[in-house]
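Notes follow the structure.
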Protein chains: 2
Amino acid sequence: MNHLSRLLAVVALSLLPFLGLAQEPAVTVPLPATPGPGDLITPVNPEPIPIDEALRGRLRPLGKPARKVILVILDGLAASGLTFARALSPRESIELDRFPVVGRVINKPPRGEVNDSAGAASALATGYPGPITRVAVDELGRPRRTILEEAKARGFKVGLVSDTRLTHATPAAFGSHVTDRENEPEIARHLMQSGFDLMLSGGLQYFLPAEEGGQQPQGRHLLAEAARAGYTVVKTRADLAQAVSRNAERVLGLFAPSFLPYTYEPSFRQGPTLAEMTAAALATLDRHPQGFLLMVEAGKFDPCLHQYDAAELAAQVRESELALRAIADFVRTRSDALVVVVPDHGTSGLAIVESFDPEKFRRLATSTRLLADRLAATSPDLAAQLAATFPGLTFTAADLAFLRGATAKDFPHRLGWMVNRKLGLEFLPYLREFPKGNAYDHTGEDQFLHALGAHQGLFGGVMRQWEIPRRLAAAMGFVFP
Amino acid sequence: MNHLSRLLAVVALSLLPFLGLAQEPAVTVPLPATPGPGDLITPVNPEPIPIDEALRGRLRPLGKPARKVILVILDGLAASGLTFARALSPRESIELDRFPVVGRVINKPPRGEVNDSAGAASALATGYPGPITRVAVDELGRPRRTILEEAKARGFKVGLVSDTRLTHATPAAFGSHVTDRENEPEIARHLMQSGFDLMLSGGLQYFLPAEEGGQQPQGRHLLAEAARAGYTVVKTRADLAQAVSRNAERVLGLFAPSFLPYTYEPSFRQGPTLAEMTAAALATLDRHPQGFLLMVEAGKFDPCLHQYDAAELAAQVRESELALRAIADFVRTRSDALVVVVPDHGTSGLAIVESFDPEKFRRLATSTRLLADRLAATSPDLAAQLAATFPGLTFTAADLAFLRGATAKDFPHRLGWMVNRKLGLEFLPYLREFPKGNAYDHTGEDQFLHALGAHQGLFGGVMRQWEIPRRLAAAMGFVFP
């Protein structure tokens with residue numbers, strides 16, 4: 001042993017000359033030559049852009065600031081979701097594939113590694129990490145200013161669009177401050193106090209008093225209050241179109257009692273869709289020379305993934321693609337516009353495995369959430385119904401026992417998990433034994449950020465989630481928080 | 001219904017003005033002002049760098065080309081692996097977190113969505129996609145030139161380093177051309193014909209004839225042939241150190257009969273480690289003014305993940321971190337060096353969930369692959385052994401039945417899958433019923449690329465896997481393929 005130790009020491013010493021690379025003196029980096037007409041300019045210097053200096057206001061981005069800025073949050077859509085979207089797209093290409101700048105986002109909350117939508121949206125809104133389940137407050141429950149509030153104070157128009165509901169964690173974190181994301185009546189009151197110029201989503205029930213079927217206590221009717229405060233209040237696609245065509249200054253649109261409908265719900269056809277709300281928001285906010293900051297949430301990926309409903313996930317991916325295309329077209333035709341797109345966390349461990357075949361998926365996949373309304377764990381003809389719905393798929397006795405073991409509430413989840421695995425998608429092992437908290441079935445891996453537009457270069461490289469609003473502020477010409 | 005259709009048409013028409021954003025005329029992008037001393041230069045222009053033009057040789061990167069280029073392949077280490085590495089690192093930061101440029105890589109093979117190491121490495125080596133299980137050949141089995149072969153023909157020194165074995169799919173794809181990745185004796189012959197300046201890995205058995213315990217047919221002794229061709233042939237860490245200190249021109253190092261050892265194997269301490277091989281390669285190749293191209297594979301993540309051996313994965317992450325740090329230090333102290341780091345595919349669906357606690361993991365995790373040597377599915381005291389090894393974890397009757405159901409070959413996998421899930425890691429559902437091909441348990445999601453150094457900007461944005469060697473060539477000043 002002593003002999004071996006000595007030998008290792010000798011070997012280690014002999015390796016020192018070439019292990020000591022770190023100690024070499026830094027080489028002076030030459031200035032690049034003057035660019036000629038055939039030159040492609042890429043950084044010769046391996047130094048990163050000194051973004052920290054910009055965030056502290058010690059350096060300012062060269063050129064005019066970004067004045068028309070859109071932050072898009074893809075709730076729960078991790079890397080596999082992009083691959084899934086592309087595999088099912090007509091030309092095997094998605095809008096984000098054409099974004100010139102990619103970043104990696106570390107989305108760790110203050111404790112643990114896995115975030116929920118409230119913690120993540122709070123980080124994206126306030127410039128500080130989480131904590132989870134809380135909405136734009138610090139560890140002691142004190143409000144933290146959001147970048148939309150800051151932008152509004154600086155004269156920008158500000159707006160929120162979400163295809164979930166306005167009081168849900170993600171939009172809530174940009175204009176309300178509560179210690180419990182479930183306290184949606186209070187979130188609604190905060191949002192009405194925010195004075196934001198445009199808010200389009202679902203969640204009508206939280207703005208109405210009990211007499212009108214709502215959840216707002218003490219008889220308050222927030223829509224009436226909004227109208228008195230100068231908002232054009234709209235509840236339908238046609239109302240929204242009219243408000244836009246009449247150049248409404250401030251618009252509050254609440255198009256459903258809770259979540260905006262999934263594509264399989266009949267009311268989905270009544271709209272407005274995410275792309276329509278986004279286009280309406282851009283048209284309304286862009287009317288003003290002072291510029292704007294708009295948050296758009298594509299928020300249905302997360303619930304689809306929680307329910308393992310891959311067919312509806314595919315439909316939601318198509319919907320978000322239309323919204324992203326409208327935004328990208330808007331940004332590409334302006335020199336002072338910027339869009340940053342980022343997921344908040346992963347959900348359900350979606351993975352694409354060898355047996356995934358886009359053709360087969362398109363042919364056979366159907367919303368398992370919707371299918372679960374027609375079937376039940378106790379249906380005597382469950383096997384026959386499954387065979388009729390999914391011709392060519394084999395359902396074993398173990399599969400049927402797995403479904404038969406479901407509670408009514410759990411049945412749609414088990415159906416989705418079991419069927420979609422047969423179509424080449426995988427998820428986390430079925431977690432029926434776990435306590436179901438807000439980060440239940442969420443995953444902690446780093447996420448892709450995509451940026452396009454003015455000062456897009458500020459969003460390259462690796463960053464913490466809470467740096468994103470700081471970088472947005474740098475692009476817009478101010479320091480935040 | 002007719003009434004509704006008419007209403008929808010009217011609404012759609014009224015929405016047209018703000019849905020028609022794409023039709024707006026393009027705005028002329030102003031030239032940025034001359035930079036002053038306090039200015040941070042970021043792109044004002046949303047246009048991406050015209051990389052396609054560079055790849056075709058119509059534009060050339062401004063400034064001197066990258067002459068010292070390292071391509072690092074992290075076999076099977078997807079986004080969760082980076083998060084896992086960071087959570088367990090002493091300062092919650094990994095070397096890749098400091099890389100200034102991030103890209104997104106679409107790693108789709110020609111058929112399907114999920115790659116294996118052979119298909120991915122062939123794409124990274126040849127500039128064309130896959131196909132899987134084949135090594136640097138086209139669909140008809142004809143050889144495709146690799147970027148190492150091209151670089152060598154252009155006067156660069158070239159080298160291969162892998163902590164698996166030299167004839168394994170990833171290193172093989174850079175210097176051999178075979179239709180079946182399992183044909184490792186032929187791969188060994190091709191690699192010896194390659195004339196590459198430096199090759200350091202395992203896989204000795206494929207270079208020796210049967211008489212010396214090897215797999216090389218017809219009595220060929222490739223090490224003897226290598227020595228005659230001018231290679232310094234080394235088999236130990238001390239030999240390698242000596243070869244480097246004596247300025248050996250060409251080095252062939254084969255340090256184990258097959259894979260280089262895992263950290264839990266006693267022979268691991270004899271080295272050389274991945275970091276030592278990498279440092280030796282940099283010292284040897286950097287001696288020449290003509291520059292070099294080096295491929296380094298950190299290849300043990302994939303087998304650790306296939307075996308669900310999270311403790312050894314953590315050890316391998318530490319090993320690769322040392323190698324990456326040596327490379328990054330090398331690149332940061334030179335103006336003409338470039339490193340690009342990319343995984344080839346995901347493996348096993350590793351995910352970090354809410355219950356993951358780095359402290360607990362550090363305290364309890366042990367190599368389940370190694371533990372499986374001490375236990376067996378049939379051990380009568382299995383429950384007691386598990387309880388003694390993992391104090392505080394609970395093993396249910398179902399857990400024990402799951403282990404008891406394993407074949408001897410399957411037991412380490414089941415043990416790893418079951419134990420590490422209790423430590424807050426998740427994997428794909430246990431796939432015992434699946435046929436096990438080369439892309440078995442692999443996942444198809446897009447992967448993170450990281451770049452640092454000269455012309456790092458060529459690696460931002462979104463790219464197909466097979467574009468990477470094309471971009472490397474552009475950075476090095478030539479067009480490939």
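Laboratory data are not the source of any read-out in this text; all were calculated from the coordinates shown. Just so we're clear, the structure is a prediction, and the values are computed from it rather than from any experiment. A quick note on method: Cβ atoms are made from the backbone with ideal geometry, for glycine too, and the neighbour counts reach across all protein chains shown.
Of note:
- Under a 5 Å amide H cut-off, with hydrogens placed 1.01 Å from N, B:ARG104 pairs with B:LEU449, B:GLY461, B:VAL462, B:MET463 among residues at least 5 apart or on other chains.
- Hits among lysines - C-alpha to C-alpha of A:LYS235 under 21 Å, sequence gap 8 or more where chains match: A:LYS300
- Backbone amide hydrogens, once placed in the peptide plane, bring B:GLN215 within less than 5 Å of B:TYR206, B:PHE207, B:LEU208, excluding anything fewer than 5 places away on its chain.
- Measure of compaction for region A:266-348 (Cα Rg per 2.2 N^0.38 Å): 1.22
- The same position B:PHE268 in the other copies lies at 5.0 nm from this copy, comparing label points 7 Å beyond Cα toward the beta-carbon, shortest first.
- At 7 Å out from Cα toward Cβ: B:THR366 inter-copy label distances (nm, ascending): 5.2
- Cβ-Cβ FRET estimate between B:THR366 and A:ASP373, R0 fixed at 56 Å, reported to 0.05: 0.75
- Using a Förster distance of 60 Å, the FRET efficiency for B:THR394-B:ALA224 (Cβ separation, nearest 0.05): 0.55
- Among the trypsin sites (Lys or Arg not before Pro) in region B:90-131, those placed in a DSSP loop whose Cβ has at most 15 other Cβ atoms within 10 Å are B:ARG91, B:ARG111.
- Cα pair distances exceeding 14 angstrom across region A:366-422, given as percent: 46
- Computed over chain B, the convex hull of the alpha-carbon atoms projects to a mean area of 31.9 nm².
- Projected-area mean, region A:288-327, by convex hull of Cα positions, square nanometres: 3.3
- Cα-based Rg / Dmax (Å) for the protein assembly as shown: 28.9, 94
- Computed E for A:GLU139/A:GLU53 - FRET, C-beta separation, R0 30 angstrom, nearest 0.05: 0.60
- Long-range HN-HN contacts of B:LEU200 with modeled amide H, under 5 Å: B:LEU160, B:VAL161, B:SER162, B:GLY253
- Legend: Rg and Dmax of region B:56-198, from Cα coordinates, 16.7, 50 Å.
- Trypsin sites (Lys or Arg not before Pro) restricted to DSSP loop in region A:198-248 with at most 12 other C-beta within 10 Å: A:ARG246
- Phi angles of region A:336-342 translate, via the Karplus equation with coefficients 6.51, -1.76, 1.60 and θ = phi - 60°, into HN-Hα couplings of 10, 10, 8, 10, 10, 10, 8 Hz per residue; Gly and Pro are given as x.
- Counting only GluC sites (Glu not before Pro) that DSSP places in a loop and that have at most 15 other Cβ atoms within 10 Å, the longest clean stretch of chain B runs over B:250-432.
- In order along region B:349-361, phi translates into HN-Hα couplings of x, 2, 9, 9, 10, 3, 7, 5, 10, x, 4, 5, 4 Hz, rounded to whole numbers, per the Karplus curve 6.51 cos²θ - 1.76 cosθ + 1.60 with θ = phi - 60° and x for Gly and Pro.
- One decimal place: the segment A:ARG269-A:ARG404 gains 45.2 nm when fully extended, by the rule 0.36 nm per residue minus the C-alpha distance.
- Sites listed here are trypsin sites (Lys or Arg not before Pro) in region A:253-320 whose DSSP assignment is loop and whose Cβ has at most 15 other Cβ atoms within 10 Å: A:ARG287.
- Quarter of the Cα convex hull surface for region B:134-234, i.e. its orientation-mean projected area (nm²): 6.4
- Copy-to-copy label distances for A:PRO429, where each label lies 7 Å from Cα along Cα-to-Cβ, are 1.2 nm in order of increasing length.
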